[in-house]
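**Student:** Below is the structure I would like to discuss, written out as structure tokens.
The values are calculated or read from the model by the stated rules, or taken from the named source; none is laboratory data. Fair warning: this is a prediction, and the values are worked out from it, not measured in the lab. Glycine also receives a Cβ, built like all others from the backbone with ideal geometry; neighbour counts cover every protein chain displayed. Ligands, DNA and RNA are stripped out before the accessible areas are found, and what is left, the full protein with its side chains, is counted by its heavy atoms. Shrake-Rupley method; radii C 1.70, N 1.55, O 1.52, S 1.80 Å.
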Amino acid sequence: MGAFKEPHGGELKELYLAEGKADEEKLLAKDYKSWDLTQRQICDLDLLMNGAFSPLDGFLKEGDYERVCDEMRLESGVLWPMPITLDVSEAFAGTLEKGEKLALRDQEGVLLATMDVEDIWRPDLDSEAERVYGTTDDTHPAVAYLKNSTHPVYVGGRVYGIEPPTYYDFKLLRDTPSELRGRFRKLGWRKIVAFQTRNPLHRAHQELTFRAAREAEANLLIHPVVGMTKPGDIDHFTRVRCYEHVLEQYPEQTTQLSLLNLAMRMAGPREAVWHAIIRKNYGCTHFIVGRDHAGPGNDRDGNPFYGPYDAQELFRKHEEELDITMVPFKMMVYVENKAEYLAADETEPTDKVLNLSGTEFRRRLQEGLDIPEWFSYPKVVEELRRAHPPKHKQGFTVFFTGLSGSGKSTVANALMVKLLEDGSRPVTLLDGDVVRKNLSSELTFSKEHRDLNIQRIGYVASEITKNGGIAICAPIAPYATTRRQVREMITPYGGFLETWVSTPIEVCEARDRKGLYAKARAGIIKGFTGIDDPYEAPENAEIVIDTGELSPDLAAHRILITLEKLGYIR
Ligand code: PPS
């Protein structure tokens, strides 16, 4: 490994201005243009400012960005695998000029940092996806983020920190790199092995981390991500409560827990290298890389994006330069006849190996089934059960979409009444017309306004779903992208059933209950869906109903049966 290793990381690049300077900058910033940061940008900025992203001193400029995408290196040649960029809207970028300063604010308008606008450019996001993640398939969460949530213009430049973003939860567990280095020093820890995670810890993880620490003769840092993880992951509040229970399982004084406000990209091998640099900045000397580190799951065809040990390989290639030692780990399995956990490659052919896949574990949680003690700790299981009630106690949204006059409202009403009769949860109907009157009265039928209308409906439905209720939505919702956004807003909290009322336009027009089709044909109403405005038919709706063929009563019944099959009602 070469020369003696500085036990608490290399030089930290903290970007905070000294108190007096920060006050001066705050006054000056009143005249700067302001960008309200997204959640991802706040996470990135937090770790830039506190030095976790050392040696970066700001959001990447174009030259660094290109080289990071192509070669995982900054222009200076330093290894840095992840583009940390500030993406802004076209409209905002149009007001910016190179050389000016920019105020970076949180979602409430609090000034967190200022920045030199050194570079403004339009990146090729598809090429970024291909170069950084090795794919343009948007089942990869980071590619989906690039395609759906990334603004089209990047701004690069030096950042000057004013204050860290405010978090009210688990304050004592959130540490900056210098705080953690200080703690290690105080504790007299000279070797520290870090464990990265975005999931609750079970027995296998405890065994793995404990063994890693033993092998490296090091102390242990459990360093879970609480910024942004993979969509659909268990919320960090629940996870942190779980971590606190698992911490009791380690010998006293050997292990620390600290929370990392990182926005993960699920970039597999590149992400492993990035995670290691971050941990080195936090003062760690060793880093655990297990199977499928920061894996994004499977691609569109069901194949994994990266091989299970690609991350270990890439790490190994750069280990010398990284100056933090990898502790590679194979999958841990429970060997029943030996009543202990072993690495998968340590078992003998005669061993009885027990395994509970993540999917099976989630299924058992969802259905309130038994979870064996060899798999997890009772207190952890209890936390998870509390946070994840079985489906018949979760909220859900039935999201109707279809042309005007297709029968959405009628079927939605019939469904609402049947669900009220069932009485398991409160039911709210967000009908197109009703929403337009109460929530969206100022909106027109332009594409932009329709999207806004649907996003508002999605937001309300996600709140209802999150709180265990039933939301029935019945707008036209003609655009697939917006419908997908609504799905993404709701599925983390409960069920989502897209219900396409596919009644053909001829039938809708023949009905013409409100006389709107006649008006649209006569050109009195412009931009009418199906006539002179598009309707993008759903490709993956959970339910399809043609009210030309099915009565409202039967249609509603069919939806109930589907809900029952999926476990949402009993
Ligand atoms: S959207 O696209 O989802 O925001 O539309 P939505 O809010 O569901 O529409 C509600 C009702 O508005 C009437 N209406 C129109 N529909 C489509 N295109 C145009 N230009 C338009 N102008 C008015 C129409 O009656 C919709 O109600 P439904 O219940 O679908 O018939």
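**Student:** How compact is region 197-265 by the rule of thumb for globular proteins, expressed as Cα Rg over 2.2 N^0.38 Å? Walk me through the intermediate numbers first.
**Tutor:** Working: Rg = 12.2 Å, N = 69, 2.2 N^0.38 = 11.0 Å.
Taking the Cα Rg and dividing by 2.2 N^0.38 Å, one obtains 1.11.
**Student:** In debye, nearest 20: dipole of region 2-161 around its Cα centre with unit charges on the Cβ of K, R (+) and D, E (-)?
**Tutor:** Details: 17 positive and 33 negative charges, 38 e Å.
I would put it at about 180 debye.
**Student:** Now a separate question. Once Rh for region 396-526 is found with the Kirkwood sum over Cα pairs, what is the Stokes-Einstein diffusion coefficient at 20 °C and 1.002 mPa s, in µm²/s?
**Tutor:** Values: Rh = 15.2 Å.
Rounded, D is 141 µm²/s.
**Student:** For the chain, give the share of DSSP beta bridges that are antiparallel, in percent and rounded to the nearest 5; count only bridges with both residues there.
**Tutor:** On the way: 24 of 67 bridges.
Here the share of antiparallel DSSP bridges comes out near 35 percent.
**Student:** Between Arg190 and Asp126, take the C-beta separation as r, use R0 = 60 Å, and let me know the FRET efficiency to the nearest 0.05. Could you put the intermediate results ahead of the total?
**Tutor:** Details: r = 46 Å, r/R0 = 0.77.
In this case the efficiency is close to 0.85.
**Student:** Let me ask something else. If the convex hull of the alpha-carbon atoms of region 288-414 is projected onto planes in all directions, what is the mean projected area in square nanometres?
**Tutor:** 14.1 nm²
**Student:** Still on this structure: For Leu96, Leu550, give me the order by solvent-accessible area with a 1.4 Å probe, most accessible first, ignoring ligands, DNA and RNA. Before the final figure, lay out the partial values.
**Tutor:** Numbers: Leu96 15, Leu550 40 Å².
Highest to lowest solvent-accessible surface, that is Leu550, Leu96.
**Student:** Does region 2-161 come out rounded, prolate or oblate by the C-alpha gyration tensor, with a ≥ b ≥ c the root eigenvalues, rounded set by a/c under 1.5 and, if not, prolate when a/b is larger than b/c and oblate if not?
**Tutor:** Working: a/c = 1.83, a/b = 1.09, b/c = 1.68.
It comes out oblate by the Cα gyration axes.
**Student:** Just want the answer: with Cβ charges of +1 for Lys and Arg and -1 for Asp and Glu, which residue in Gly405, Gln394, Leu429 is farthest toward the dipole's positive end in region 315-466?
**Tutor:** Towards the positive end, the residue furthest out is Gly405.
**Student:** Continuing with this model, one more query. Set Lys and Arg Cβ to +1 and Asp and Glu Cβ to -1, take the dipole of the chain about its Cα centre, and tell me which of Ala144, Leu17, Leu384 lies farthest positive.
**Tutor:** Of the candidates, Leu384 comes out farthest on the positive side.
**Student:** For every helix of n ≥ 4 consecutive DSSP H residues, a contribution of -39,500 (n - 2.57) applies; sum these over the chain, divide by its total residues, and give [θ] at 222 nm rounded to the nearest 500 deg cm²/dmol. Intermediate values should be presented prior to the final figure.
**Tutor:** Details: 20 runs with 214 residues, N = 570.
Here the helix-only value at 222 nm equals -11500 deg cm²/dmol.
**Student:** Using the beta-carbon distance between Thr491 and Glu24 and R0 = 41 Å, what value does 1/(1 + (r/R0)^6) give for FRET efficiency, to the nearest 0.05?
**Tutor:** Working: r = 46 Å, r/R0 = 1.13.
That gives a FRET efficiency of 0.30.
**Student:** Nearest-5 percent of antiparallel DSSP beta bridges in region 171-333?
**Tutor:** Details: 1 of 19 bridges.
For region 171-333, the DSSP antiparallel bridge percentage is about 5.
**Student:** Put +1 on the Cβ of each Lys and Arg and -1 on the Cβ of each Asp and Glu in the chain; which of Gly567, Pro492, Cys69 then has its Cα farthest toward the positive end of the dipole?
**Tutor:** Gly567
**Student:** Same structure, new question: I want to check the label-to-label distance for Lys437 and Asp31. Put each point 7 Å from Cα in the C-beta direction and report it in nm to one decimal.
**Tutor:** Result for the modelled spin labels: 5.3 nm.
**Student:** Give me the net charge of Leu415's neighbourhood, meaning all other residues with Cβ under 12 Å from the Cβ of Leu415; Lys, Arg count +1, Asp, Glu -1.
**Tutor:** Values: positive: Lys408, Lys418, Arg558; negative: Glu421, Asp422, Asp431, Asp553.
So the environment of Leu415 carries a net charge of -1.
**Student:** Take the alpha-carbon centre of region 17-57, take the same for region 483-514, and report the distance between them in whole Å.
**Tutor:** 43 Å
**Student:** In Å and on Cα atoms, what radius of gyration and Dmax does the chain show?
**Tutor:** Values for the chain (Cα only, Rg and Dmax): 26.5, 83 Å.
**Student:** In a shell of Cβ-Cβ distance under 14 Å around Asp351, excluding Asp351 itself, what net charge do Lys and Arg (+1) and Asp and Glu (-1) give? Spell out each step's value before the answer.
**Tutor:** Details: positive: Lys338, Lys352; negative: Glu336, Glu340, Asp345, Glu346, Glu348.
Counting the neighbours of Asp351, the net charge comes to -3.
**Student:** Then there is this: Among the trypsin sites (Lys or Arg not before Pro) within region 328-426, which fall in a DSSP loop and have no more than 13 other Cβ atoms within 10 Å of their own Cβ? Kindly include the intermediate steps, with their values, before the conclusion.
**Tutor:** Values: sites: Lys330, Lys338, Lys352, Arg362, Arg363, Arg364, Lys379, Arg385, Arg386, Lys391, Lys393, Lys408, Lys418; in loops: Lys330, Lys352.
Of the trypsin sites (Lys or Arg not before Pro), the ones in loops of region 328-426 whose Cβ has at most 13 other Cβ atoms within 10 Å are Lys352.
**Student:** Assuming 0.36 nm per residue, please report the length gained on full extension of the stretch Ser424 to Ser89 beyond their Cα-Cα distance. Before the final figure, lay out the partial values.
**Tutor:** Numbers: separation 335, 0.36 × 335 = 120.60 nm, distance 4.41 nm.
So the chain would gain 116.2 nm between Ser424 and Ser89.
**Student:** How large is the dipole of the chain about the Cα centre if only Lys and Arg carry +1 and Asp and Glu carry -1, each at its Cβ, rounded to the nearest 20 debye? Please report the intermediate quantities before stating the final value.
**Tutor:** Values: 72 positive and 89 negative charges, 302 e Å.
About 1440 debye.
**Student:** Starting from the Cα-Cα distance between Leu96 and Leu354, subtract it from 0.36 nm times their residue separation and give me the gain in nm to one decimal.
**Tutor:** On the way: separation 258, 0.36 × 258 = 92.88 nm, distance 5.91 nm.
Extending this stretch completely gives an extra 87.0 nm.
**Student:** Okay, next question. Counting only the heavy atoms of the protein chains, how much of Glu163 is accessible to a 1.4 Å probe, in Å² to the nearest 10?
**Tutor:** 60 Å²
**Student:** Moving on to the next point. In percent, how large is the relative contact order of region 171-333, given Cα pairs closer than 8 Å and 6 or more residues apart? Provide the component values of the computation, followed by the final result.
**Tutor:** Details: 274 pairs, mean separation 42.9, N = 163.
Relative contact order here is 26 percent.
**Student:** Under 12 Å Cα to Cα from Lys352, which aspartates and glutamates show up? Leave out anything in the same chain fewer than 8 places away.
**Tutor:** Candidates past the 8-residue exclusion: Glu336, Glu340.
**Student:** Follow-up. Counting only other residues whose beta carbon sits under 9 Å from that of Arg73, what net charge do I get with K and R as +1, D and E as -1?
**Tutor:** On the way: positive: Arg67; negative: Asp64, Asp70, Glu71, Glu75.
That works out to -3.
**Student:** Let me ask something else about it. Where does each of Arg131, Arg513, Arg279, Arg211 land when they are ordered by accessible area, with a 1.4 Å probe and the largest first? Display every interim value, and only then the final one.
**Tutor:** Numbers: Arg131 65, Arg513 180, Arg279 0, Arg211 35 Å².
Largest accessible area first, the list is Arg513, Arg131, Arg211, Arg279.
**Student:** Leaving out same-chain residues fewer than 8 places away, which lysines sit with a Cα under 24 Å from that of Lys437?
**Tutor:** Leaving aside lysines fewer than 8 places away in the same chain, those within reach of Lys437 are Lys408, Lys447, Lys514, Lys519, Lys526.
**Student:** I'm a student and want to see the number: the projected area of the Cα convex hull of region 171-333, averaged over all directions, in nm². Numbers along the way, then the final one.
**Tutor:** Working: hull surface 37.5 nm².
With every direction weighted equally, the projected area is 9.4 nm².
**Student:** Between Arg385 and Phe237, what length comes free when the chain is fully extended (0.36 nm per residue of separation minus the Cα-Cα distance, one decimal in nm)? Before the final figure, lay out each step's value.
**Tutor:** Working: separation 148, 0.36 × 148 = 53.28 nm, distance 1.35 nm.
This chain segment gains 51.9 nm when fully extended.
**Student:** Quick one: if the Förster radius is 60 Å, what FRET efficiency do Lys526 and Asn298 give, using the C-beta to C-beta distance and rounding to 0.05?
**Tutor:** Numbers: r = 44 Å, r/R0 = 0.74.
That gives a FRET efficiency of 0.85.
**Student:** Kindly count the pairs of lysines across region 171-333 whose alpha carbons are less than 28 Å apart, treating pairs on different chains or eight or more residues apart as eligible.
**Tutor:** Close lysine pairs found across region 171-333: 14.
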